[in-house]
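A short write-up of the structure that comes next.
The values are calculated or read from the model by the stated rules, or taken from the named source; none is laboratory data. Because the structure is predicted, anything quoted here is derived from the model rather than measured. Here the Cβ is made from the backbone with ideal geometry for all residues, glycine too, and neighbour counts use every protein chain on show.
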Amino acid sequence: MFKTLGACQKYIRENQIEVIDFKMVDIDGRWRHVAIPAERLTENTMKHGIGFDGSNYGFAPVENSDMVYIPDLSTAFVDPYARVKTLVICGDAKLIGQKENRDFDQYPRNVLRRATEYLKETGIADEMLIGPEFEFYVFDNCEVNISPNEIRYGFTSNESQLERYPFNEKSNYHIENKAGYHVDLPADSCNDLRSAMALQIQKQDIRVKYHHHEVGGCGQQEIEVELCEVNRMADNTMAIKYIVKNEAIKDGKIATFLPKPVYGEAGNGMHVHMLLRKDGQPVFYDENGYGSLSKEALWFIGGLLKHARSLCAITNPTTNSYRRLVPGFEAPVTIGYAMANRSAVVRIPAYVKDPNEKRFELRNPDATCNPYYCYAAILMAGLDGIENRIDPQAHGWGPFDFNLYNLSDEEKSRIESLPASLNEAIDALKKDHDYLLKGGVFTERLLEIWIDRKLRQLSEIEKIPHPAEIAKYLDL
């Protein structure tokens, strides 16, 4: 929004901004914030930043956790949900040095920025553009209780056929299980809410491609945005999730990006469309290639598929992520690529004809990821494919121009699969992560902290009795 502090201060005066809200990203990908009176945003703030304890964000150990946050004025936007007129500014974390502060190599924005610097250093391209698809559920109510005498998760959705409301009592028609794709009004009760979300997203200078009701009959939605530069899209991803959740709350509802919040229904993915450009020209287009893709594009796909299992520990980092990655729900399970095949991990959209927009999508990620780590890891895997000329066809990863869900057990056994659990994904990352370390993009220390954190989360959840276990074994 701003290129200079002077321009920002002028805007603050002219628009009666009272509070500056600094947004910072923790290791899991949540926004945290600290606010100051608007008049305290000065040259000193830009130079010396705001101090904070990085250990509480999941990063550094306590004995070396003092850091400073440095604002990035280009990210500024007016918060539409604060009662006091507030300007939001994202920024970067730096380690405190005796003479000068230095970039903190675990901080998510720094990791992604380093990945794009490495991209330029390779000479392969000078820009990566991505466009995520944001799927989420909107519930009327959601209740969670984990205690010694009750383990409960429940939600209500006035759209769902599971509800027992008489027709019109909730001014709505019910939607059958997995039958919500593009349903129209009056069944699509969240149409106005999605429009409000989309318009608010557009006000943040994020171009919305379209929005619609998704497959899930219990209130699943989708908002897709146009492609833009990857660093900016990571910031946009955080802003979009913020807007979606807060608009839902304004409407008396709750929105969740949880990959599998509803048993037996479609899960929430975050398919990532991507392309590379060099000197403004498309790197991924070749009129005569498979799907009109260049050899560089196919090698990039080869890198994604070679590292697909270890990538999952970053692109699908929760135990719930693997409730979604199962057959029968339009989520990828097997490792492969194809044209217009939604059962493949990498799909090449057949409808994209413009050479400047020729791209493919990675379909396994979900929005519980830290978007900065996710997009950086995807880029590094793809670059490894180009640098090592990994031919996906030669490795038996396709093209699979048939439905991968309908294979026999014998056929499935001959095709590599994505991890079936977070534990499997973590094991894969332990064995396969050298591609992430190139150029100092990720560090061994960051990956150690990430793996340890995910294993602790996994252990914590595994200790909690599951209601399905009680139902299955209570009478034994």
Say we look at the range 325-368 and pick out the residues that are small (Gly, Ala, Ser) and in a strand (DSSP E or B); which of these is surrounded by the fewest Cβ atoms within 10 Å (Cβ to Cβ)?
Ala338
Note on Arg30: of the conditions (1) surrounded by fewer than 18 Cβ atoms within 10 Å (Cβ to Cβ); (2) in contact (Cβ under 8 Å) with a residue 12 or more places away in the chain, unmet is (2)
Between a first residue in the range 352-373 that is of a type in the set (Gly, Ala, Ser) and a second residue that is in a loop (DSSP other than H, G, I, E, B), which pairs have beta carbons less than 6 Å apart while being 6 or more apart in sequence or on different chains?
Ala367/Phe257; Ala367/Met270
Could you please find all residues in the range 200-230 being within 30 Å of Pro282 (Cα to Cα) and outside any strand (DSSP E or B)?
Ile201, Gln202, Lys203, Gln204, Asp205, Ile206, Arg207, Glu226, Leu227, Val230
Among the residues of the range 147-194 satisfying the criterion of being modelled with pLDDT of 85 or more and of a type in the set (Phe, Trp, Tyr), which is farthest from Ala266 (Cα to Cα)?
Tyr153
Looking at (1) at pLDDT 95 or above; (2) more than 29 Å from the chain's Cα centre (by Cα); (3) surrounded by 13 or more Cβ atoms within 10 Å (Cβ to Cβ), which is the one condition that is false for Ala76?
(2)
Please give the number of the condition Gln393 fails out of (1) at pLDDT 90 or above; (2) buried (at least 23 other Cβ atoms within 10 Å of the Cβ).
(2)
Every residue from the range 457-476 that is in a helix (DSSP H, G or I) and surrounded by 10 or more Cβ atoms within 10 Å (Cβ to Cβ)
Gln457, Leu458, Ser459, Glu460, Ile461, Glu462, Pro467, Glu469, Ile470, Lys472
The one condition Ser413 fails out of (1) surrounded by fewer than 13 Cβ atoms within 10 Å (Cβ to Cβ); (2) within 18 Å of Tyr322 (Cα to Cα); (3) at pLDDT below 95; (4) not hydrophobic (A, V, I, L, M, F, W, C) is (2)
Can you work out which of the residues in the range 272-293 that are touching a strand residue (DSSP E or B) at 6+ places or on another chain (Cβ under 9 Å) and free of Cβ contacts under 8 Å to residues at least 24 places away in the same chain is surrounded by the fewest Cβ atoms within 10 Å (Cβ to Cβ)?
Gly280
Residue among Asn15, Asn44 that alone is at pLDDT below 95 and surrounded by fewer than 16 Cβ atoms within 10 Å (Cβ to Cβ)
Asn44
Within the range 369-390, the count of residues that are among the charged types (D, E, K, R) and either over 23 Å from Met270 (Cβ atoms) or surrounded by 24 or more Cβ atoms within 10 Å (Cβ to Cβ) (or both) comes to 2
Are any of the residues in the range 57-64 assigned by TED's automatic domain parsing to the domain that holds Ile12, within 20 Å of Glu18 (Cβ to Cβ) and not polar (S, T, N, Q)?
no
With (1) polar (S, T, N, Q); (2) touching a Lys or Arg at 6+ places or on another chain (Cβ under 8 Å); (3) surrounded by fewer than 16 Cβ atoms within 10 Å (Cβ to Cβ) as the list, and Gln161 as the residue in question, which single condition is left unmet?
(2)
Give just the number: which of (1) assigned to a loop (DSSP other than H, G, I, E, B); (2) touching a residue at least 24 places away in the same chain (Cβ under 8 Å) does Ala313 not satisfy?
(1)
